[in-house]
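Chemist: For reference, the structure I am asking about is given below.
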Amino acid sequence: MEFHTIEPSYLSKDGCRLVWKGIDEDDTDVVILNKKELEDLVEILKSNGTGEVELEDQSSMIRINSDVTEFILKNHRLLEAKTTLIQEQVLEFVKVPHEPQYVYVGTKEFYPSVWIRDDKDLPKNNTNSQRKSSKQSLIQAILSSEPQKFQQDLSPTDLFRILSTRRSTRKFDKAKVEDWKIDKILSAADVAPTAGNFQGFQVFLIKNNSAKEALVEAANKQPYVNAPVVMVFCTDPSRVKLKFPTEILEKFSLQDATIAASFALLAASGLGLSTIWIGMFDEEKVKKILGTELKPSSILCIGYPDKKKSPKSRRKLKELIRVIE
């Protein structure tokens with residue numbers, strides 16, 4: 001997918017449409033900017049500077065770097081364009097007036113606030129109670145019997161937004177995951193905290209298609225194991241140079257591998273990808289496929305989701321947390 005052109009907005013003479021095109025004629029992506037968004041973009045490009053433009057849905061943004069401009073869009077893969085190309089076309093575009101064109105545009109999606117609810121609704125006349133609860137801390141609201149609304153003004157790349165919107169997927173798009181994203185995911189695993197900083201784990205990046213198919217068989221024939229990107233995390237207690245019994249070192253190593261896989265999973269989510277964590281597999285078969293004696297702890301499958309899904313509901317936080325005073 002490459003940046004193709006800039007066009008007039010369909011609904012306003014003040015905005016624009018940025019168009020990307022793929023190999024197929026129908027393979028296109030479009031980012032629509034309103035007047036303010038375009039003006040903010042122009043201001044940065046005119047100054048030959050770098051910066052960010054927040055888009056209308058408050059969870060998407062344009063990040064202008066010196067070499068590449070990134071369009072980080074909610075529920076969509078990352079779009080990129082050379083900054084020099086964007087700069088040339090955008091600045092040329094705003095020199096002349098443009099007439100709006102007609103097209104149907106659906107409603108934009110906004111990121112919801114986070115609600116903490118109780119089984120019982122507040123009485124309609126309980127205004128004072130609502131005012132009081134607005135001053136509560138998060139933990140107080142969780143443990144109280146009163147519902148509390150928390151507004152979270154989070155950027156698109158904020159860790160808490162990534163955590164709250166992450167969703168496992170079992171069906172991946174066939175699109176190739178960019179190498180630089182894989183590098184970032186592996187880098188995230190590399191910086192994960194480990195026992196004594198000895199990094200008692202090993203990551204196997206599976207590129208071989210035959211090996212992926214074999215992993216499907218080893219993982220109880222789960223077809224989504226054959227994903228665009230497959231990483232197998234293995235324990236390596238021999239790296240943990242601490243004076244503890246063998247079983248403790250193995251425990252440390254298992255924790256190291258699990259935390260590293262978690263870091264990789266969150267990094268993938270932050271890059272607009274989806275993942276599925278595989279814990280059911282035949283360890284001996286996996287070891288044979290990898291050609292190692294290291295014990296596999298998890299398989300992480302990564303790719304662009306075939307369909308973006310909203311997060312599943314979870315149990316109430318006050319059911320999760322037990323406070324010992």
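The values are calculated or read from the model by the stated rules, or taken from the named source; none is laboratory data. Keep in mind that what you see is a predicted model, and the values were worked out from it rather than measured. Cβ placement follows ideal geometry from the backbone for every residue including glycine, while neighbour counts extend to all protein chains displayed. Side chains are part of the model used for accessible areas, which takes the heavy atoms of the whole protein and leaves out ligands, DNA and RNA. Shrake-Rupley method; radii C 1.70, N 1.55, O 1.52, S 1.80 Å.
Chemist: Which residue pairs have Cβ atoms under 6 Å apart, sit 6 or more places apart or on different chains, and have a first residue in region 39-62 that is within 11 Å of residue 91 (Cα to Cα) and a second that is of a type in the set (S, T, N, Q)?
Modeler: 45/87
Chemist: Filter region 283-316 for residues that are at pLDDT 95 or above and exposed (fewer than 15 other Cβ atoms within 10 Å of the Cβ); which is nearest to the chain's Cα centre (by Cα)?
Modeler: Applying the filter and picking the extreme gives 283.
Chemist: Select from region 266-325 the residues that are in a helix (DSSP H, G or I), aliphatic (A, V, I, L, M) and within 30 Å of residue 80 (Cβ to Cβ) and list them in ascending order.
Modeler: Scanning region 266-325 gives 266, 267, 268.
Chemist: In region 196-235, what residues are within 24 Å of residue 304 (Cβ to Cβ), in a helix (DSSP H, G or I) and not aliphatic (A, V, I, L, M)?
Modeler: Scanning region 196-235 gives 209, 210, 212, 213, 223, 224.
Chemist: May I ask you to verify whether residue 198 is out of contact with any Phe, Trp or Tyr (no Cβ under 7 Å at 6 or more places or on another chain), more than 30 Å from residue 2 (Cα to Cα) and at pLDDT 75 or above?
Modeler: So residue 198 passes the test.
Chemist: Can you tell me how many residues within region 271-282 are open to solvent by 30 Å² or more (accessible area, probe 1.4 Å) and either small (Gly, Ala, Ser) or over 28 Å from the mean Cα position of the chain (by Cα) (or both)?
Modeler: Counting residues in region 271-282 that are open to solvent by 30 Å² or more (accessible area, probe 1.4 Å) and either small (Gly, Ala, Ser) or over 28 Å from the mean Cα position of the chain (by Cα) (or both) gives 2.
Chemist: For region 180-199, which residues satisfy the criterion of being more than 17 Å from residue 256 (Cβ to Cβ) and free of Cβ contacts under 8 Å to residues at least 40 places away in the same chain?
Modeler: 180, 183
Chemist: Determine whether region 43-60 contains at least one residue that is open to solvent by 30 Å² or more (accessible area, probe 1.4 Å) and in a helix (DSSP H, G or I).
Modeler: Looking only at region 43-60, we keep the residues that are open to solvent by 30 Å² or more (accessible area, probe 1.4 Å), and these are 43, 46-48, 50, 52, 54, 56, 58.
Keeping just the survivors that are in a helix (DSSP H, G or I) gives 43, 46.
Within region 43-60, one or more residues are open to solvent by 30 Å² or more (accessible area, probe 1.4 Å) and in a helix (DSSP H, G or I).
Chemist: So which pairs qualify, if the first residue must be in region 206-224 and more than 19 Å from residue 176 (Cα to Cα), the second must be in a loop (DSSP other than H, G, I, E, B) and open to solvent by less than 40 Å² (accessible area, probe 1.4 Å), the Cβ gap must be under 6 Å, and the two must be at least 6 apart or on different chains?
Modeler: Pairs that qualify, where the first residue is more than 19 Å from residue 176 (Cα to Cα) and the partner is in a loop (DSSP other than H, G, I, E, B) and open to solvent by less than 40 Å² (accessible area, probe 1.4 Å), are 218/281; 219/281.
Chemist: Take the residues of region 236-265 that are in a helix (DSSP H, G or I) and among the aromatic types (Phe, Trp, Tyr): which is surrounded by the most Cβ atoms within 10 Å (Cβ to Cβ)?
Modeler: 252
Chemist: Given the criteria surrounded by 13 or more Cβ atoms within 10 Å (Cβ to Cβ) and modelled with pLDDT under 85, does residue 74 qualify?
Modeler: Judged against the criteria, residue 74 is a match.
Chemist: Next question. Of the residues that sit in region 21-42 and are assigned to a loop (DSSP other than H, G, I, E, B) and touching a strand residue (DSSP E or B) at 6+ places or on another chain (Cβ under 8 Å), which one is modelled with the highest pLDDT? Before the answer, list the steps.
Modeler: First pass over region 21-42, keeping only residues assigned to a loop (DSSP other than H, G, I, E, B): 22-27, 34.
Of the ones still in play, those that are also touching a strand residue (DSSP E or B) at 6+ places or on another chain (Cβ under 8 Å) are 22, 27.
Numbers: 22: 80, 27: 72.
Checked region 21-42; the qualifying residue modelled with the highest pLDDT is 22.
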